[in-house]
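Enquirer: My questions will all concern the structure given below.
The values are calculated or read from the model by the stated rules, or taken from the named source; none is laboratory data. All figures in this text were calculated on a predicted structure; none of them were measured in a lab. Note: ideal-geometry Cβ built from the backbone for every residue, glycine included; neighbour counts use all protein chains shown. For the accessible areas, the whole protein counts, side chains as well, though only heavy atoms, and no ligand, DNA or RNA atoms are used. Shrake-Rupley method; radii C 1.70, N 1.55, O 1.52, S 1.80 Å.
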Amino acid sequence: MEKPTSYCVYAASLEDANIHKIYHDTQYGFPIDSDNELFCRLILEINQAGLSWTTILNKQENFRKSYSNFEISKVANYGEKQIKRLLSDSGIIRNKLKINAAIFNAKKIIELKKIHGSFKKWLDYNHPKSINQWVKVFKESFKFTGPEIPKEFLMSTGYIPGAHIKTCKIFNQVNTKIEEAGL
């Protein structure tokens with residue numbers, strides 16, 4: 001069997017109820033306005049490091065529940081009690097470095113919001129940049145953001161191109177949303 005050449009080709013071959021097809025067709029590459037949802041995507045991308053995206057997609061609702069619906073202000077205030085709870089939660093990735101990164105990054109986003117008004121406005125302020133420039137900005141600002149995490153985060157949220165191939169049925173829809181968002 002020939003391997004798919006892109007996520008779009010792979011997703012097109014799946015049944016409508018498949019978690020990858022749903023993510024591809026409704027979230028991947030679409031701009032996000034909500035700071036909490038941007039934080040959610042960043043945390044999911046961080047947790048994917050070293051694991052399959054299937055694992056993360058299958059656990060995304062558990063992540064949402066475990067991380068206070070990704071409310072930045074709540075996660076920023078997590079202490080030892082919440083860290084212990086997360087480390088014992090089999091519904092998420094129980095990695096102390098990733099958990100600590102989520103808390104640190106929530107605190108950092110609060111700092112960025114004080115300067116720029118929102119996490120999204122900080123992203124917009126830095127847009128457009130080359131991927132190398134973005135990686136540098138993310139490494140300076142956040143924890144657990146090696147070169148692949150910013151790339152996937154930015155592609156999945158519409159800040160850099162490449163989420164969909166031109167022959168993908170979602171390509172025009174995503175590009176319209178990206179243009180409407182001014183990205």
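Enquirer: Just need a number here: residues in segment 134-154 that are open to solvent by less than 80 Å² (accessible area, probe 1.4 Å) and at pLDDT 95 or above.
Expert: Summing the residues that are open to solvent by less than 80 Å² (accessible area, probe 1.4 Å) and at pLDDT 95 or above in segment 134-154 gives 14.
Enquirer: Any idea which of THR157, THR167 is closer than 25 Å to ASN100 by Cα and either out of contact with any strand residue (DSSP E or B) (no Cβ under 9 Å at 6 or more places or on another chain) or open to solvent by 50 Å² or more (accessible area, probe 1.4 Å) (or both)?
Expert: Within the list THR157, THR167, the selection yields THR157.
Enquirer: Name the residues in segment 98-126 that are part of a helix (DSSP H, G or I), small (Gly, Ala, Ser) and free of Cβ contacts under 8 Å to residues at least 60 places away in the same chain, would you?
Expert: ALA101, ALA102
Enquirer: So, one more: Taking segment 109-119 only, how many residues are open to solvent by 10 Å² or more (accessible area, probe 1.4 Å), in contact with a helix residue (DSSP H, G or I) (Cβ under 6 Å, 6 or more places away or on another chain) and under 13 Å from PHE39 (Cβ atoms)?
Expert: So the answer is 3.
Enquirer: In addition: Conditions first: (1) surrounded by 15 or more Cβ atoms within 10 Å (Cβ to Cβ); (2) under 22 Å from HIS20 (Cα atoms). SER52 passes all but one, so which condition is the exception?
Expert: Condition (1) is where SER52 drops out.
Enquirer: Considering only segment 92-124, how many residues are among the acidic types (Asp, Glu) and within 18 Å of the chain's Cα centre (by Cα)?
Expert: 1
Enquirer: Here's a follow-up. List pairs: first residue in segment 59-79 and under 13 Å from ASN47 (Cβ atoms), second residue open to solvent by 20 Å² or more (accessible area, probe 1.4 Å) and not polar (S, T, N, Q) anywhere in the structure, Cβ distance under 6 angstrom, at least six positions apart or on different chains.
Expert: SER66/ASP89
Enquirer: Would segment 101-121 turn up any residue that is of a type in the set (Ser, Thr, Tyr), out of contact with any Ser or Thr (no Cβ under 7 Å at 6 or more places or on another chain) and within 18 Å of LEU44 (Cα to Cα)?
Expert: No, segment 101-121 contains no residue that is of a type in the set (Ser, Thr, Tyr), out of contact with any Ser or Thr (no Cβ under 7 Å at 6 or more places or on another chain) and within 18 Å of LEU44 (Cα to Cα).
Enquirer: Give LYS129, LYS151 a once-over and let me know the one that is without any contact (Cβ under 8 Å) to a residue 24 or more places away in the chain, in a helix (DSSP H, G or I) and under 20 Å from GLU45 (Cα atoms).
Expert: Only one candidate qualifies: LYS151.
Enquirer: Let me ask you something else. Are any residues in segment 13-48 under 23 Å from ILE99 (Cβ atoms) and open to solvent by 30 Å² or more (accessible area, probe 1.4 Å), and if so, which ones?
Expert: SER34, ASN36, GLU37, GLN48, listed by residue number.
Enquirer: If you don't mind, another one. Looking at segment 63-91, which of the residues that are at negative phi and within 15 Å of the chain's Cα centre (by Cα) is surrounded by the most Cβ atoms within 10 Å (Cβ to Cβ)?
Expert: Once the filter is applied, the top-ranked residue is TYR67.
Enquirer: Within the bounds of segment 84-107, is there any residue that is charged (D, E, K, R) and within 25 Å of GLY158 (Cα to Cα)?
Expert: Checked segment 84-107: at least one residue is charged (D, E, K, R) and within 25 Å of GLY158 (Cα to Cα).
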